[in-house]
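Only one structure is covered here, and it is reproduced in the block below.
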Amino acid sequence: MAWWFIVFVTFGCGATTVALIPFQCLTGDGPQQIALHCNRPAQLRAESRQNLTTAIVDVVSDGAILVLPMFLVWKVRLPTKSKVILMIPFPATLLTIALTITRGAFFTDVYQNSGTKVTNTV
C-alpha cells in the first residue's frame with residue numbers, strides 16, 4: 001500500500017515541476033521578445049525561485065523513489081545478508097539527488113550573478 005503513496009508523491013512532484021516552467025520564455029513572439037521579457041530582474045527572480053523549488057521537489061521525488069524498493073526488499077522473506085546484497089544498487093539514486101542539489105545551487109547562483117540583484121526567497 002505504501003507504493004501508492006510513492007506514486008502519488010512522484011506524480012505530484014512531476015506536475016509541480018511542469019507547472020513551474022516559464023513557458024513565455026520558451027515560446028514567444030520571436031527571439032527579441034523572449035530576450036526582452038526573460039532578462040528582466042523580476043523574471044530572473046522568478047527563475048531563481050523556480051529553479052530552487054524544482055530542485056527541492058526533485059530531491060523529494062528521488063528520495064521517495066529510493067525508499068520504495070528498499071521497503072519492498074526488506075519485507076521479502078530472505079536472509080538479511082541477501083536483502084542487503086539486493087539493496088546495494090539502490091543508493092545509486094543518492095548520486096542523482098546529489099547532482100540535483102548541485103544543479104539547484106549552481107543555477108540559483110547563475111541567476112543571482114547575472115548582473116541584477118536577485119533575492120533567493122521561496
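Please treat every number below as a calculation from the coordinates, not as lab data. Just so it is clear, the model here is predicted, and its values are computed rather than measured. Using ideal geometry, Cβ is built from the backbone for each residue, glycine included, and neighbour counts are taken over all protein chains shown.
Residue 97: net charge of surrounding residues, Cβ under 15 Å, Lys/Arg +1, Asp/Glu -1, itself excluded? Intermediate values should be presented prior to the final figure.
On the way: positive: 103; negative: 58, 62.
It works out to a net charge of -1.
If packing is taken as the average number of other Cβ atoms within 10 Å across a peptide's residues, how do 47-57, 73-83, 89-99 rank, most packed first?
Listed from highest to lowest mean packing, they are 47-57, 89-99, 73-83.
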